[in-house]
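Scroll down for the structure; my scribbles are underneath it.
The values are calculated or read from the model by the stated rules, or taken from the named source; none is laboratory data. Nothing here was measured: the structure is a model prediction, and the numbers come from that model. Every residue, glycine among them, receives a Cβ derived from its backbone with ideal geometry; neighbour counts consider all protein chains shown.
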Amino acid sequence: MLPIVLLSVFGIVLLFLGFMKSKAILLPATLLFLVITLAVNFLDWNKSYLYFNDMLRTSNLSMVFTAIVLGSAFMVVALSSRFMEEESAQPAEYYGLMLFSLVGALMMIGFENLIMLFVGVEILSVAMYVLTGSDKRNLRSNEAALKYFLMGAFATGIMLFGMALLYGATGSFTLAGVGSGANPQQGISLLTASGMLMLLIGLLFKVSAAPFHFWTPDVYDGAPTIFTAFMSTVVKTAGFAALFKLLSVSFAGLYPWWWTLLAIITALTLVAGNITAVYQNSFKRMMAYSSISHAGYLLIGLAALGTQTKQAIVFYSLAYSVATIAAFGVLLLVARQRATQTFTSEGVMSENFDAFNGLARQNPLLGFAMAVSMLSLAGIPLTAGFWGKFYMFSTAVERGQIWLLVVAVLMSTVGIYYYFRVIIAMYFRDGATEPIQVAPFYRYVLLAATILTLGLGIAPGLLQGLF
Amino acid sequence: MQPTQDVLIPEVIQQIPLTYYLIFSTALFVIGIIGVLTRRNAIVIFMSIELMLNAVNLLLIAFSSYRSDSSGQVFVFFIMAVAAAEVSVGLAIIVMIYRNTRSIDVGLLNKLKW
């Protein structure tokens, strides 16, 4: 659990670095800190340790999740270079808060005790509330921050009540204690059932599953794009790691009681996310609904909890994170250029689908990166997203949940429609576009994301032997 | 839910059945939820959330006393500390909005739709 300690220290160091005159050191310092943490993370490889009086546990799975989260954060930070140069930006605080929120994410991944789950969720969320509202003068950002904050705190309250009820039913906060206390040999008690339900609702809120997804589009839309990218990758991955751990360790014995409910929520999430995404005009808002729908695909693996779920969730969250970051990276550049070209109110129009018209002609690299990430999100073969969906669907087949599978397949065909809108706009529409200046480092990150997406699509076995 | 033998449960708490605590904190919690869903003033919504958290605290203390297990009370400390941190961030967000719009009515926040 050295990464948690390191990230906390590095976050404080970053805040102090903010006192220096030159802000140029902050970005490389943050990237360096993330790389160090990522390297240190693997020290416990193939060993499973309990840390801090049995509060946290490391395992190969937790280390892989940590690596995904830190890797996504690395890419988001690398893409943030130009955003942070804006005059009102306070990069030291932003980067510091990002590192602190990663501490929360790591606690959510490694928790062994419900107390740590709660504290992790809160560290992650509170940092994200601030980052969402970081564009202080922008009303959209303000509104997003308030909505995120009120809804997040509300969800935390529900989650805590669930934890309290579970404590009453089982007398323990540890994962194993809750699991053995809730043993369903002679039926499930009302206290356990309601506690489990409320705890799950709280967590499903955080990963934006329907019908608890209403905050997501507003928050993702209003937040500065770079933090939207951070939110939709890091928070989602950490949330699913926590859900998986909770369901597979504590509530595995109660599977017959919760799977129907979770399957219904999954189907609702898939339908709500995909159908609403079709009607969006803003690319950023479409990505918010797309993130809801991907929460649905990830939930399939949990509703069909089995031997393949672990692998499926890891692969899917990796594929989803990489593709999403590439998409937001391109959006950042395009929206910036469009905002300078035409007069737009608060940068709204510059994030529409029209902004991508004719992009690929002058900017083949950006067009290609965007196209690959859209194909991956849509689940087209030869991209990582295809195998992610494939693994997810095979967990459902393993459990024989065919109706869920039918819903998921139907909805992923709907998904193809709105993901291809971007590709069509980029390649087949005419638009006034000059070449967009891309900094070399920025280009490497986009290229790395594209290569990773294609590489995992061609050789999905690369990841399988790891854990 | 029976307290284990040979452990001391404070007399006062024992006189009231555990179910009463459960019902009482559930009622508080539901009042909080209703407040969040129906009120439009950001501060009042905020208060309702605090009410929900305090219902949880009360419930945890009750369970903890009846089980003579201290971990529930430790959790309460965590909740109080985290809630304080959350309040500071939340109030800062509300102040930020008040500076821009001169109002804290959440009904006025409608820039983001569909």
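Quick notes on this structure:
- Reported count of residues in region B:95-114, each being surrounded by 12 or more Cβ atoms within 10 Å (Cβ to Cβ), at pLDDT 90 or above and more than 7 Å from chain A (Cβ to nearest Cβ), is 1.
- Residue match in region A:119-127 (condition: at pLDDT 95 or above and either more than 10 Å from chain B (Cβ to nearest Cβ) or outside any helix (DSSP H, G or I) (or both)): yes
- Applying the criterion of being under 25 Å from A:R57 (Cα atoms), crowded, with 18+ Cβ neighbours inside 10 Å and of a type outside the set (S, T, N, Q) to the residues of region A:7-37, the residue that is farthest from the chain's Cα centre (by Cα) is A:F10.
- Criterion (among the small types (G, A, S) and closer than 30 Å to A:M196 by Cα) met by exactly one of A:G110, A:G71: A:G110
- Within region A:182-224, the set of residues being among the β-branched types (V, I, T), within 14 Å of chain B (Cβ to nearest Cβ) and farther than 18 Å from B:L109 by Cα comprises A:T192, A:I201.
- Which numbered condition A:R140 misses (of (1) surrounded by 22 or more Cβ atoms within 10 Å (Cβ to Cβ); (2) facing chain B (nearest Cβ under 9 Å); (3) touching a Leu at 6+ places or on another chain (Cβ under 7 Å)): (1)
- Restricting attention to region A:148-179, the residues that are facing another protein chain (nearest Cβ under 7 Å) and of a type outside the set (F, W, Y) add up to 7.
- Residue check: B:L91 meets all listed conditions (1) closer than 23 Å to A:G104 by Cβ; (2) surrounded by 18 or more Cβ atoms within 10 Å (Cβ to Cβ); (3) over 12 Å from the mean Cα position of the chain (by Cα) but one, namely (2).
- Hits in region B:39-66 - residues which are under 16 Å from A:L146 (Cα atoms), more than 10 Å from chain A (Cβ to nearest Cβ) and either outside any loop (DSSP other than H, G, I, E, B) or modelled with pLDDT of 95 or more (or both): B:N41, B:I43, B:V44, B:M47
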